[in-house]
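> The structure's right below; bear with me while I get my questions together.
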Amino acid sequence: MIRETLLCMAVILGAAATLWVVTALIGMALYQPGSDERMYIVLPVKGHREDIEFVIRGTAASRRRGTVILVADFGADRETAAIARRLCCEYDRMEWVRGDAIEQCLHQYVNSATDAFCR
């Protein structure tokens, strides 16, 4: 009798947890942030970075929908810059910008109604 009760409780808890996870996933998939809720991530890059591809891909994978990622060049070497530029072309809402232009670029993103890129 106790064994059946524990099994029944485990099934009910498992079903509740599964329902909670499915509901959370559906909510995340349907969530569309408004323009006033947009987030910006700036990844400063300087010198040689062996891990630049890992950093950019990880940031892109973990960002929320609508988030703009700006990879800012503060003196990256040629190899690092080439990898970063290529990755910025692969992802939507990601851009390679000069470090000295980052303030103007953010201002343009925040104050424009569209997602015009600042190159």
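> Anything in segment 50-101 that is without any contact (Cβ under 8 Å) to a residue 12 or more places away in the chain, assigned to a helix (DSSP H, G or I) and loosely packed, with under 14 Cβ neighbours inside 10 Å? List them, or say none. Steps first, answer last, please.
Restricting attention to segment 50-101, the residues satisfying the condition of being without any contact (Cβ under 8 Å) to a residue 12 or more places away in the chain are 50-51, 54, 58, 61-62, 78, 82, 85-86, 89-90, 92, 100.
Add one more test, that the residue is assigned to a helix (DSSP H, G or I), and what stays is 54, 58, 61-62, 78, 82, 85-86, 89-90, 100.
Correct list: PHE54, GLY58, ALA61, SER62, ARG78, ALA82, ARG86, CYS89, GLU90, ASP100.
> With the structure loaded, tell me whether ARG38 is at pLDDT below 80 and in contact with a strand residue (DSSP E or B) (Cβ under 7 Å, 6 or more places away or on another chain) or whether it fails that test. Break it down into steps so the answer makes sense when it comes.
Values: at pLDDT below 80: yes; in contact with a strand residue (DSSP E or B) (Cβ under 7 Å, 6 or more places away or on another chain): yes.
It is true that ARG38 is at pLDDT below 80 and in contact with a strand residue (DSSP E or B) (Cβ under 7 Å, 6 or more places away or on another chain).
> Can you tell me which residues in segment 38-89 are at positive phi and under 16 Å from the mean Cα position of the chain (by Cα)? Please lay out each step first, then the result.
Looking only at segment 38-89, we keep the residues that are at positive phi, and these are 47, 66, 75.
Passing the criteria: only GLY66.
> Ok, one more. Within segment 102-113, how many residues turn out to be in a helix (DSSP H, G or I) and either hydroxyl-bearing (Ser, Thr, Tyr) or free of Cβ contacts under 8 Å to residues at least 24 places away in the same chain (or both)? Write out each step before concluding.
Of all residues in segment 102-113, those in a helix (DSSP H, G or I) come to 102-111.
When the remaining residues are screened for being either hydroxyl-bearing (Ser, Thr, Tyr) or free of Cβ contacts under 8 Å to residues at least 24 places away in the same chain (or both), the result is 103-104, 107-109, 111.
The qualifying residues number 6.
The values are calculated or read from the model by the stated rules, or taken from the named source; none is laboratory data. Just so it is clear, the model here is predicted, and its values are computed rather than measured. Glycine gets a Cβ as well: all are built from the backbone with ideal geometry, and neighbour counts include every protein chain shown.
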